[in-house]
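Since the structure comes first, as structure tokens, the remarks are kept for the end.
The numbers here are math on the coordinates, done by the rules we state, and not lab data. Please read these numbers as outputs of a predicted model, since none were measured by experiment. Cβ atoms come from the backbone with ideal geometry, glycine included; neighbour counts cover every protein chain shown.
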Amino acid sequence: VIASFPRIPRYSINPMKIRKAVFPVAGLGTRVLPATKAMPKEMLTIVDKPLIQYVYDEAREAGIEHFVFVTGRNKNVIEDHFDRMFELDTTLAARGKKAEIEVLAQNQPEAGAVSFTRQQAPHGLGHAVWCARDIVGNEPFAVVLPDELVLNTPGCLTQMIQAANQLGEKSNLVAVEPVPDHLTHQYGICGVGQRHASGKMFEVSTMVEKPPKGTAPSNLSITGRYILQPEIFKILETQERGAGGEIQLTDAMIALARTQKFYGVEFEGERHDCGSKAGFLRANIAYGMQRAELRDGLIAEMKKYLGK
Ligand code: G1P
């Protein structure tokens, strides 16, 4: 039997045929050292799942069929995470641990549905996405940054694919969220053009990566979810280094926006930047509070600490 795990259901919400998602996972995770010295930051755990599993699940919910991980050295454990663990399967089966077997089965990608390629040097997000060009090929695709989680049902990527389907035309989309004015210099920022009739989208009038303080065109930051047309790869190929001396995805998007439309999607949900210490702790509380079996105990513990 080839497929001993259940096949992942195909979803019908995706007529724009955004079938592939790229996960750039080569980053060094310097904001949370020493946790990420020997372990990839994408394996940091929120409650009982690594970050990478949350974004994989989000993409799967959105109808993505092929998952492309752009990894780097020291990231092998991500590949192991999406493989089967025969010792574990056999031992759990022998012990009759049905619930645990079910958890593993749910997390298991179908054989052939994941690809791994390496970004050999840290040249930036744009370069990481470019590394996936041959695996993605000539079709629209999603980019999902794993250190950002968005807590919502439906997930952020589902909302974006729904938005892409509403547009029904060849276009690019970025998820955006307001940030306080004094933080705009840490993000890619979008200028707001004409609003779409749906109310939740607007045409992006301009984009800038990490604008110097006081120069941002708005306070709408680009979050870690994109839907891009494959023409971005040609632009990335010759993209010059931008902010921070890195090949920036935003700069390539600015170039693509000269010939194609870009929309900003104001998604529903709470964004958590798990690549920062405070964000990581907050996400553990937020996701923990969603779990019926943990909620009451967590509230009691937090009350204790708040009383101190
Ligand atoms: C990247 C993008 C930036 C975006 C951010 C979201 O920046 O380049 O446009 O706003 O992710 O987290 P990084 O966090 O890699 O510096």
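Summary table
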read-out	value
For the chain, built as a Gaussian network whose Cα springs stay under 10 Å, the top-fluctuating residue of Val204, Val22, Val47	Val47
Simple Cβ-charge dipole of the range 112-192, Lys/Arg +1 and Asp/Glu -1, about Cα centre, in debye nearest 20	220 debye
Sorted by Cβ neighbour density within 10 Å, fewest at the top, the residues Ser276, Ser171	Ser276, Ser171
The chain - percent relative contact order, Cα under 8 Å, separation 6 or more	22 percent
For the range 203-301: relative contact order, % (alpha-carbon pairs under 8 angstrom, 6 or more apart)	25 percent
Distance between the range 181-214 and the range 259-301 - C-alpha centres, whole angstrom	22 Å
Dipole magnitude (debye, nearest 20) for the chain, charges at Cβ of Lys, Arg, Asp, Glu	320 debye
Other-chain or far-sequence residues with amide H under 5 Å of Val114's (modelled H)	Phe67
Whether the range 90-246 is rounded, prolate or oblate, judged on the alpha carbon gyration tensor where a/c under 1.5 counts as rounded	prolate
Calculated from backbone phi, Karplus (6.51, -1.76, 1.60) coupling profile of the range 260-266 in Hz, x at Gly/Pro	9, 7, 10, 10, x, 10, 8
Residue among Pro34, Ile18, Ile46 farthest towards the positive dipole end of the range 15-55, charges placed on Cβ	Ile18
Helix-derived mean residue ellipticity, 222 nm - over the chain, DSSP H n ≥ 4, -39500 (n - 2.57), to 500	-9000 deg cm²/dmol
Distance violations [Cα-Cα > 27 Å] among Lys37/Lys308; Lys20/Lys234; Lys49/Lys210	Lys37/Lys308; Lys49/Lys210
Span-rule helices in the chain, defined as complete DSSP H runs reaching 15 Å or more along the axis (Cα) with Kyte mean at least -0.5	156-167, 277-289, 292-307
